[in-house]
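Presented below is the structure to which this report refers.
The values are calculated or read from the model by the stated rules, or taken from the named source; none is laboratory data. Predicted model, so just to flag it, every value in this text is computed and none were measured. No Cβ is skipped: glycine too gets one built from the backbone with ideal geometry, and neighbour counts run over all protein chains shown. Only protein heavy atoms, including side chains, enter the accessible area calculation; ligands, DNA and RNA are left aside. Shrake-Rupley method; radii C 1.70, N 1.55, O 1.52, S 1.80 Å.
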Amino acid sequence: MNSSFFKEVILLFKFIQDLLLGIQELIMPPKAFSWQVLIYLSVFSWGISYLAIGFIKDIIAFSGWLFLIAGTAWYTTDDPLRVPGTFMPVGALITGLLVSVFAFGHEVNVVTPKTIVFWPTIAAIITAIPEFFAGTGTTSKAAIPKLEVRQKVIILLAWSMLISCWLQFYFVLDKWLKEYPSLSAQNFLRSTFVIRLEPKSKTPQNGNIILNKMQPLVEEQIFGKPWSEVEKWLIEANQELGNLGKGVIFKNLEKYDEKGLWGIEPRVVNVKSGYRLDILTIWTGPSANTRGFYLQKSCLIQPVAAVNKQENQNAVAEIECDHTNKFFIGSPPPKQ
Amino acid sequence: MPEELSLPRIFPIAAMLFETLFLLVAISIEGYVLHRWLKFDKKTSIFYAIAMNVFSSVFGWNIFFLLEPRLDIKLKSELISYIFFNNFRNPGTQSTIIFLAFLIFLGTFLIKFLLIKILIITLSEIGGKEEIETSQKQKLYRIEKMQLQDTKLITTTLVANSISYTAISFILVIRNLSIGLK
């Protein structure tokens, strides 16, 4: 029993020793000129670059990147594990990513859309480069590869560039969703191009923003004004509300490209106690339903007796608006 | 704003799959046409078909990426409408699309011809040894032969492009019909 226990301990030690040896082999450079040295140089440059200032810091950081790229390129070409279906080594993908980050990254965001877009193309170029050198190790020289190899390289490059184009297309679509956020309130089920990865939002948020900012402005124009003046305002509501709306849209939707696609229109309806003013914000941009959609906020306008005036005939207006906006799909009701 | 990465909300997977399907159809048809008309062996003709089609679509995408930011808001909403919702706001756009499709056809034909010409030259000349022209007559004969090859190349590219476009249009028609039935 004792001996078997010792055996186990010895086995465990042996395992740890092997592990350490493996790590040592990985970490310790076998020769002065090897990939480990390059990686160490890159780490070293990184450390140094923190101490330096100004353009010297940039130069050291720059060489650090070069060392890192060269080191990984070297390591990953040592034993090529290839991307299934192609002759591109996985290492080229890693090196390609590093080159791409190096070329298009910023200090603020390391990975930018450009990094991702150019990644496949750069990886393909990196895969192709060794084909243009004959021989191995130190005795390599530039040479034009065989016809078959050239064809292989061209096809790999073509497909990688196509994948880059697809990625760029994704970023174009993503940019559209950012510039026209009201698009995400609709379903993309009929699209031949895209699928959705997040649930659609219930109502277009910008429409709500416009209506909620409009409400106090309209209330200010009407509340407490003499009834006759308010009736005149309502007759010219198209113009009055249009002007207010333009200001609101310009102020609140300034950063979105979709600001030109919203319109504001009033609908005035007679009710028995006064008038109902419907404020509509109408989307004139792309939508799943060809007749578009609109949001509506209803306000009830009534005459009340003026409190602090002697004569009762000078009634003033009171306005009360709904808290929630209604969302309609389809064309708005016809203008009066 | 476009410099920042965010979690993907949509993905153009359908566009990628459709384009791959169309490319495979076009490559097999055009490879066959090249093999039949230009007497390339099967492997070479498939190589030319792949390179021609894939590079010409890369070229087309780049034109799209160049033009897209320059569109005014009206045209851009039509484009967005088509890509996201498969419809147009303005019914007049339909005829513009047909005109555009014709332009694209001509454009791809030109690009494909240029590509195959460049590929044939680069792939054969670099490796091959330079032939020394001995007499004037031989030189003249060679130029004549090159011109003959050019016209043959143009007609072959045109035929290959037409057939593959017909096949792709056919697939699109079937797809639209199946959507209509739903």
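In the range A:265-302, of all residues being crowded, with 21+ Cβ neighbours inside 10 Å and of a type in the set (Phe, Trp, Tyr), the one that is nearest to the other protein chains (Cβ to nearest Cβ) corresponds to A:Trp283.
Tell me, which residue of the range B:28-43 that is touching a residue at least 40 places away in the same chain (Cβ under 8 Å) and not charged (D, E, K, R) is nearest to the other protein chains (Cβ to nearest Cβ)? The extreme case among them is B:Leu34. All of (1) more than 21 Å from A:Ser164 (Cβ to Cβ); (2) within 9 Å of chain A (Cβ to nearest Cβ) hold for B:Asn53 with one exception: (1). The residues of the range A:165-190 that are more than 20 Å from A:Val111 (Cα to Cα), assigned to a helix (DSSP H, G or I) and open to solvent by 20 Å² or more (accessible area, probe 1.4 Å), listed by number, are A:Glu179, A:Pro181.
With the structure loaded, tell me whether A:Gly224 is over 21 Å from A:Leu295 (Cβ atoms) and open to solvent by 10 Å² or more (accessible area, probe 1.4 Å) or whether it fails that test.
On the way: over 21 Å from A:Leu295 (Cβ atoms): yes; open to solvent by 10 Å² or more (accessible area, probe 1.4 Å): yes.
Spelling it out, A:Gly224 is indeed over 21 Å from A:Leu295 (Cβ atoms) and open to solvent by 10 Å² or more (accessible area, probe 1.4 Å).
Would you please name the residue that is most open to solvent (accessible area, probe 1.4 Å), looking only at residues in the range A:191-210 that are touching a residue at least 24 places away in the same chain (Cβ under 8 Å) and touching a Leu at 6+ places or on another chain (Cβ under 8 Å)? Selected residue: A:Ile209. Listed conditions (1) more than 9 Å from chain A (Cβ to nearest Cβ); (2) charged (D, E, K, R); (3) within 15 Å of the chain's Cα centre (by Cα) are all met by B:Glu19, apart from (1). Selection within the range A:144-180: residues that are of a type in the set (Val, Ile, Thr) and more than 7 Å from chain B (Cβ to nearest Cβ). The member of this set that is nearest to the chain's Cα centre (by Cα) is A:Ile163. Only residues that are within 14 Å of another protein chain (Cβ to nearest Cβ) and either open to solvent by less than 80 Å² (accessible area, probe 1.4 Å) or at pLDDT 80 or above (or both) were counted across the range B:91-138, and they come to 17.
Conditions tested, residue by residue: (1) among the charged types (D, E, K, R); (2) under 24 Å from the mean Cα position of the chain (by Cα); (3) within 14 Å of chain B (Cβ to nearest Cβ).
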| site | (1), (2), (3) |
| --- | --- |
| A:Ile195 | no, yes, yes |
| A:Ser201 | no, yes, yes |
| A:Ile209 | no, yes, no |
| A:Phe223 | no, no, no |
| A:Val230 | no, no, no |
| A:Lys255 | yes, yes, yes |
| A:Lys259 | yes, yes, yes |
